[in-house]
1. Confirm whether VAL266 is in contact (Cβ under 8 Å) with a residue 60 or more places away in the chain and out of contact with any strand residue (DSSP E or B) (no Cβ under 9 Å at 6 or more places or on another chain).
2. For the subset of segment 229-270 comprising residues that are among the small types (Gly, Ala, Ser) and farther than 16 Å from GLN143 by Cβ, which member is surrounded by the most Cβ atoms within 10 Å (Cβ to Cβ)?
3. From the list THR262, THR258, THR252, which one is among the β-branched types (Val, Ile, Thr) and either at pLDDT below 75 or more than 40 Å from the chain's Cα centre (by Cα) (or both)?
4. Considering only segment 115-134, I want to know if a residue exists there that is under 22 Å from THR252 (Cβ atoms), out of contact with any Cys (no Cβ under 9 Å at 6 or more places or on another chain) and at pLDDT 75 or above.
5. Can you find even one residue in segment 230-242 that is assigned to a loop (DSSP other than H, G, I, E, B), modelled with pLDDT of 80 or more, within 26 Å of THR131 (Cα to Cα) and over 44 Å from the mean Cα position of the chain (by Cα)?
6. Looking only at segment 188-219, which residues are part of a helix (DSSP H, G or I) and small (Gly, Ala, Ser)?
Amino acid sequence: MVAVNNQTNSYITPRHTPTSISRVLSECDIHTYIFDDDEDMKSVKENFDRQTSQRFEEYNEHMNDKRQKCKEQCDKDIQEIILKDKIKKSLAYKVEKGCLKCGCALGGGIAPVWGLVSGLWYATLSQYVSTTLVKMATDAGIQKGLEVGLAKITELATTILGNADKIPTFNVGELITAGKITDDITFYDIFKTLDTAMLGKFDYGRYSEFSTWIQGIFQKPSNFKSFTEQTQAVSTAFSETKAGVLAEGASTTSNLSTAIITSIIVIVVIVLVMIIIYLILRYRRKKKMNKKLQYTKLLKE
């Protein structure tokens, strides 16, 4: 074993002598700067602080202006939206009320009054038309029967008298008035009418033979048994003419009633359309109002 001498020799001197004293970081003053007393550095710091503050102030002013403009624009947009909403609501309300008033006026006023007036007018007109139509048909039948009867009498008189020049010409309208024919006409009625019209006029002269022949036949009604064909022809002409006029008048009356019924149906349809439009507009308006109330409620929450 070798004994180790741990003692330092006192005669050995160090080769290097330290010139500075080392210090750890914790021993330094971190708040002490080497440029604190430098005038140029102070000036730079002051300029930096001043420019930074100025920039921040400009930025704040810019942001404030921008916020103010955004706020004004938002307020303006909100006012426009409110105005448009009021206009739409007012227009929808006016249209809704207009449809309701129109429907109520037509349904509650015009349609019933029109139906009542049309019904009364149609009833009165129908009664008047029926009475007038029967009178017109009867007059037309009498005129046609008289024309046919005069033609038959002219044929008989020409055969018996042998000359058509001995037969006078008669006006149908004057004969109807003179004979007072109102409801019906027969072959006998025509002879009676001619006898009344020629009374005292053709006793002498050119038409005396014709007048005497007419008087002779009229005074003996039994003579008409031999004029069956002529009697039937007059009766047929009267009946057919009267029936034709009545049928034409019935068609006209039917067309008139159809027109009245059609007009009432059209009014009723218009009323229903107005009421349906009113209900649709009312439903849509209430739906929009409910949505707006929901949005408002959500915004408040």
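1. So VAL266 does not fit the description; no.
2. Among those residues, the one meeting the criterion is GLY249.
3. On the way: THR262 fails: either at pLDDT below 75 or more than 40 Å from the chain's Cα centre (by Cα) (or both); THR258 fails: either at pLDDT below 75 or more than 40 Å from the chain's Cα centre (by Cα) (or both).
It is THR252.
4. Among the residues of segment 115-134, at least one is under 22 Å from THR252 (Cβ atoms), out of contact with any Cys (no Cβ under 9 Å at 6 or more places or on another chain) and at pLDDT 75 or above, which makes the answer yes.
5. Taking every residue of segment 230-242 in turn, none turns out to be assigned to a loop (DSSP other than H, G, I, E, B), modelled with pLDDT of 80 or more, within 26 Å of THR131 (Cα to Cα) and over 44 Å from the mean Cα position of the chain (by Cα).
6. Scanning segment 188-219 gives ALA197, SER208, SER211, GLY216.
The values are calculated or read from the model by the stated rules, or taken from the named source; none is laboratory data. All values reported here derive from a predicted model rather than from experimental measurement. All Cβ positions, even for glycine, are placed from backbone atoms using ideal geometry, and neighbour counts span all protein chains on display.
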